[in-house]
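S.K.: Before anything else, here's the structure in question.
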Amino acid sequence: MPNITKEDIHTIDETSFGYIFEQNATISLRSSEGLVRCNVYRPKTADKVPVLVTYGPYGKDTFYGDFHAKSFEEVNPEHRSEHSAWETPDPRFWTSKGYAVVRADERGIGQSSGLLDTMSRGTSEAFFEVVEWAAEQSWSSGKVGLLGISYYAGSQWRVAARKPKGLAAIIPWEGMSDYYRDRCRHGGILSNSFIKFWWNRQVVSNQYGRPANEDLNLSKDIDIEGPKRPKTSIGTIEGDLSEEERAANRRDQTRDNVENQFRDQEYYASKEYDMGDIDVPLLSVGNWGGILLHLRGNIEGYLHAGSKQKWLRMIVGRHDLPFYYKEEVDIQLSFLDCFLKGNDYKGWTTGKVPPVDLLLRKGDIGFNNALAEQSFTRRAETEWPISRTQYTNYYLTPNQVLTPYANQLPNTQSKITYKALGTIDAPHLVQFCTPAFEAVETEITGHLVAHLNVSLSPEMRGPTPSDIDLFLTLRHIAPSGKEVFYTGTAGDPVPLAKGWLRVTMRKVSVDHPKNRPWLPWREYLSTDVQPVIPGEVYAVDVEIWPTQVVVERGGKLVLEVSSGDTQGCGIFLHNDPKDRAPAKFQGLNHICFGPNYVNYLTLPVVPPK
């Protein structure tokens, strides 16, 4: 290790930029071994200023244009500068508005030593210390706000629940709040593909001690070592660590999530927290298109946070760009000015800003088209879910119709059969379609639940299956007969909504305070596992993530039931060979019909005000 002084590590540049730039300020940790290093960008003023803090795994020194060049080219020019970084507030813009920006390398990342264990209790405790450090600096007003996208949003829920000194407001922008249910195991099914992509390409490549110019050795396990560090992310100041040392200094999410299945296992349990402990002003911003990662977490976080002052705002578009739109930045700035500077010119504390601000999706305007999405209109509501919602059952029939009329159901028993273990390339599914809607407009806004009666049987010469994975998708068909797609996380075409359930994990915690008629609550504990036996019929309630759409006259909805991922899942595949082992799942799945087996989809129909 080279002989380095503290002065070599921590540098201050007061002349090169329109703000003061401190690199590698060091925070010694009390909660664990290691330390956190951060960059500080602050206005050239003698006044004490409020602070915006981000803490994450992508490298505080990694330039946005290097991390994702195409995305950076499309960002609002007001938020493109020499120190722009992926999914975080731009220092040039925010220092010009009277804020300091602290961008910290998460413990075990970049220039921060210690155990790399993303989204863990330990790293949340380190984040807690970073917030308190920012509040205590001589240039700080003592008030800290949190602002960031995705990972930089998901971590906000956890640290806010710990109530660090100085934390005054948070804006989790498209950020999952429930590690197990939102991110890792949808309905108990492992969402492995994204975790692998994210861990290998965006996290491990930035690990503390990783050589800046280390090439990917294809003879090694690529699940362990990702690509090179981004070229703007310099090597570790104290020197490189060997591959063996780095492996010992990290918890690998691609392995941990395969090896752990239940929330009462230490791996998942250690990441839990009580959303009710969050008490700072909260602006939760969710995206209707985030149907596989963040959407559920933003809505559930808003619902269960203990904050007396909290707001829910819904947007559309890719996950990377709307954060920098002028309209959205104006919202961020007014919220932070109110709670960090005491300047409430927008009316957050006087009732002028509605508790819930929805974006209504109407018409087929295409996807990944920010200009066309401006045609969607906004509507204020006083609560979520909307109190005037009419929860309406649409019944599945053996002839694959989705009807609102229960008297159209048959009196005889039958079943629809499809093969298990469908994949994105070879899906096995059945679809149920509504008749054309007759009203000029029918608004669907809120939470959905599907009640299904399912069974399984073995194939000839196949194994005896012992579980069923249900993959549900809600699709919107325009009056023209064309399916309407919406903008997904990465700009990909996505349907209205998706939901999942592993049938051995069907137990609903009916007495849990979070169990609601429109959202069955499952604990996903090892003690909740219930058997699935061939020939037996099981009634299950499947949570489908919230959605919003205005169906025009002549339009239709389609409920798709499949045994694996189908169109719209993008990089969020559920195809781990251990989690979806043929010995357990291969066979025939059935949806059962008859007087004792009524199947329906509950839609949240919202009448006009």
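S.K.: For residue 82, are the conditions met, namely being at pLDDT 95 or above, among the charged types (D, E, K, R) and crowded, with 19+ Cβ neighbours inside 10 Å?
M.R.: Against the criterion (at pLDDT 95 or above, among the charged types (D, E, K, R) and crowded, with 19+ Cβ neighbours inside 10 Å), residue 82 does not qualify.
S.K.: Give me the residue from the range 226-253 that is at pLDDT 90 or above and within 25 Å of the chain's Cα centre (by Cα) and, out of that set, nearest to residue 107 (Cα to Cα).
M.R.: 250
S.K.: So which residues in the range 23-38 are under 21 Å from residue 52 (Cβ atoms) and among the hydroxyl-bearing types (Ser, Thr, Tyr), if there are any at all?
M.R.: 26
S.K.: Within the range 110-156, which residues are in a strand (DSSP E or B) and surrounded by fewer than 24 Cβ atoms within 10 Å (Cβ to Cβ)?
M.R.: 140, 141, 142, 143
S.K.: Looking only at residues that are surrounded by 16 or more Cβ atoms within 10 Å (Cβ to Cβ) and small (Gly, Ala, Ser) in the range 498-556, which one is nearest to residue 296 (Cα to Cα)?
M.R.: 499
S.K.: Here is a further query. Which residue pairs have Cβ atoms closer than 6 Å, lie 6 or more positions apart in sequence or on different chains, and pair a first residue in the range 205-219 that is within 12 Å of residue 230 (Cα to Cα) and modelled with pLDDT of 90 or more with a second residue that is of a type in the set (A, V, I, L, M) and surrounded by 16 or more Cβ atoms within 10 Å (Cβ to Cβ)?
M.R.: 206/109; 207/116
S.K.: Can you tell me which condition residue 92 does not meet? The list is (1) farther than 28 Å from residue 238 by Cα; (2) surrounded by 13 or more Cβ atoms within 10 Å (Cβ to Cβ); (3) modelled with pLDDT under 95, and all the others hold.
M.R.: (3)
S.K.: Please work out which residue is surrounded by the fewest Cβ atoms within 10 Å (Cβ to Cβ), limiting yourself to the range 159-174 and to residues that are within 13 Å of residue 310 (Cα to Cα) and among the hydrophobic types (A, V, I, L, M, F, W, C).
M.R.: 168
S.K.: Going by the conditions given, is residue 45 touching a helix residue (DSSP H, G or I) at 6+ places or on another chain (Cβ under 8 Å) and either of a type in the set (S, T, N, Q) or surrounded by fewer than 23 Cβ atoms within 10 Å (Cβ to Cβ) (or both)?
M.R.: Considered against the rule, which asks whether it is touching a helix residue (DSSP H, G or I) at 6+ places or on another chain (Cβ under 8 Å) and either of a type in the set (S, T, N, Q) or surrounded by fewer than 23 Cβ atoms within 10 Å (Cβ to Cβ) (or both), residue 45 comes out as no.
Conditions tested, residue by residue: (1) in contact (Cβ under 8 Å) with a residue 40 or more places away in the chain; (2) loosely packed, with under 15 Cβ neighbours inside 10 Å; (3) under 16 Å from residue 402 (Cβ atoms); (4) in contact with a Leu (Cβ under 7 Å, 6 or more places away or on another chain).
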residue: 448; (1), (2), (3), (4): yes, no, yes, yes
residue: 453; (1), (2), (3), (4): yes, no, yes, no
residue: 461; (1), (2), (3), (4): no, yes, no, no
residue: 468; (1), (2), (3), (4): yes, no, no, yes
residue: 478; (1), (2), (3), (4): yes, no, no, no
residue: 485; (1), (2), (3), (4): yes, no, no, no
residue: 490; (1), (2), (3), (4): yes, no, no, no
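S.K.: Now for a separate question. Being surrounded by fewer than 19 Cβ atoms within 10 Å (Cβ to Cβ) and not small (Gly, Ala, Ser) is true for just one of 70, 60. Which residue is that?
M.R.: 70
S.K.: Just wondering, is there one or more residues in the range 308-328 that are under 12 Å from the mean Cα position of the chain (by Cα), in contact (Cβ under 8 Å) with a residue 12 or more places away in the chain and under 16 Å from residue 181 (Cβ atoms)?
M.R.: Within the range 308-328, none of the residues are under 12 Å from the mean Cα position of the chain (by Cα), in contact (Cβ under 8 Å) with a residue 12 or more places away in the chain and under 16 Å from residue 181 (Cβ atoms).
S.K.: Quick check on my filter: what residues within the range 570-609 are among the aromatic types (Phe, Trp, Tyr) and touching a strand residue (DSSP E or B) at 6+ places or on another chain (Cβ under 8 Å)?
M.R.: 585, 593, 597, 600
S.K.: Okay, moving on. Which residue pairs have Cβ atoms under 6 Å apart, sit 6 or more places apart or on different chains, and have a first residue in the range 7-31 that is farther than 25 Å from residue 107 by Cα and a second that is surrounded by 14 or more Cβ atoms within 10 Å (Cβ to Cβ)?
M.R.: Correct list of pairs: 14/20; 19/41; 19/43; 19/95.
S.K.: Do we find that residue 609 is surrounded by fewer than 19 Cβ atoms within 10 Å (Cβ to Cβ) and at pLDDT 95 or above in this structure?
M.R.: no
S.K.: So residue 267 passes all but one of these: (1) in contact (Cβ under 8 Å) with a residue 24 or more places away in the chain; (2) assigned to a helix (DSSP H, G or I); (3) within 30 Å of residue 565 (Cβ to Cβ); (4) not small (Gly, Ala, Ser). Which condition number does it fail?
M.R.: Checking residue 267 against (1) in contact (Cβ under 8 Å) with a residue 24 or more places away in the chain; (2) assigned to a helix (DSSP H, G or I); (3) within 30 Å of residue 565 (Cβ to Cβ); (4) not small (Gly, Ala, Ser), the one that fails is (1).
S.K.: On to the next question. Go through (1) assigned to a loop (DSSP other than H, G, I, E, B); (2) under 30 Å from residue 376 (Cα atoms) one by one and return the number of the condition residue 472 breaks.
M.R.: All conditions are met except number (1).
S.K.: Sticking with this structure for a sec: I'd like the residue in the range 372-418 that is in a strand (DSSP E or B) and of a type in the set (A, V, I, L, M) and, out of all such residues, is nearest to residue 359 (Cα to Cα).
M.R.: Looking at residues that are in a strand (DSSP E or B) and of a type in the set (A, V, I, L, M), I get 380.
S.K.: Before we move on, is residue 364 closer than 19 Å to residue 555 by Cα and not aliphatic (A, V, I, L, M)?
M.R.: yes
S.K.: Filter the range 357-393 for residues that are out of contact with any Ser or Thr (no Cβ under 7 Å at 6 or more places or on another chain), among the β-branched types (Val, Ile, Thr) and surrounded by 15 or more Cβ atoms within 10 Å (Cβ to Cβ) and give the result.
M.R.: Once the filter is applied, which keeps residues that are out of contact with any Ser or Thr (no Cβ under 7 Å at 6 or more places or on another chain), among the β-branched types (Val, Ile, Thr) and surrounded by 15 or more Cβ atoms within 10 Å (Cβ to Cβ), the range 357-393 yields only 389.
S.K.: Additional query: Please work out if residue 282 is over 11 Å from the mean Cα position of the chain (by Cα), among the aliphatic types (A, V, I, L, M), within 30 Å of residue 367 (Cα to Cα) and buried (at least 24 other Cβ atoms within 10 Å of the Cβ).
M.R.: yes
The values are calculated or read from the model by the stated rules, or taken from the named source; none is laboratory data. What you are looking at is a predicted structure, and each value in this text was computed from that prediction instead of being measured. Note: ideal-geometry Cβ built from the backbone for every residue, glycine included; neighbour counts use all protein chains shown.
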